[in-house]
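Report on one structure; see the data block that follows.
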Amino acid sequence: MIAMKRRPSGWTTRRARRGLFLAATVTALLGIASPVLASGSAQYCGAGRGPTADVAVQGAIDDARNSASGDGRSDCELAEQPQIFEVFDDPVFGHVFRASVVMTCE
């Protein structure tokens, strides 16, 4: 009798590929996250709304600081300029300003 080599089924091959893909993804994510975690700082996004642009920006800053305080970070500064959007047809408020900020917190 001749011994025949058994080929892996499609299910086993797909499972092995998924495992390799998962391992590569986790390795890449840890490689990216390591410098951020080592630096001791993180970025937080905040959003706000108000009748003026200043009120909306202050609300966005407060939102980002509140998120950072939940992680035990209290020293925050703007990472980039706030983005301000003026909306004229908001269904609830009519004319309103919305703002978005990114802050680096330690």
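The values are calculated or read from the model by the stated rules, or taken from the named source; none is laboratory data. Predicted model, so just to flag it, every value in this text is computed and none were measured. Neighbour counts run over all protein chains shown; Cβ positions are idealised from the backbone, glycine included. Surface accessibility is based on the protein's heavy atoms, side chains included, excluding ligands, DNA and RNA. Shrake-Rupley method; radii C 1.70, N 1.55, O 1.52, S 1.80 Å.
What to note about this one:
- Tally, over the stretch 69-94, of residues that are of a type in the set (D, E, K, R) and assigned to a strand (DSSP E or B): 4
- Look at the stretch 48-60: where a residue is touching a residue at least 12 places away in the same chain (Cβ under 8 Å) and a partner is assigned to a helix (DSSP H, G or I) and crowded, with 21+ Cβ neighbours inside 10 Å, sitting 6+ places away or on another chain with Cβ atoms under 6 Å, you get Gly48/Ala56; Gly48/Ala60; Arg49/Ala56; Gly50/Ala56.
- The one condition in (1) open to solvent by 50 Å² or more (accessible area, probe 1.4 Å); (2) among the hydroxyl-bearing types (Ser, Thr, Tyr); (3) farther than 16 Å from Gly40 by Cα that Ser69 fails to fulfil: (3)
- Neighbours by Cβ (under 9 Å, 6+ apart or cross-chain): first from the stretch 81-106, surrounded by fewer than 16 Cβ atoms within 10 Å (Cβ to Cβ) and modelled with pLDDT under 95; second polar (S, T, N, Q) and not in a strand (DSSP E or B): Glu106/Ser39; Glu106/Ser41; Glu106/Ser74
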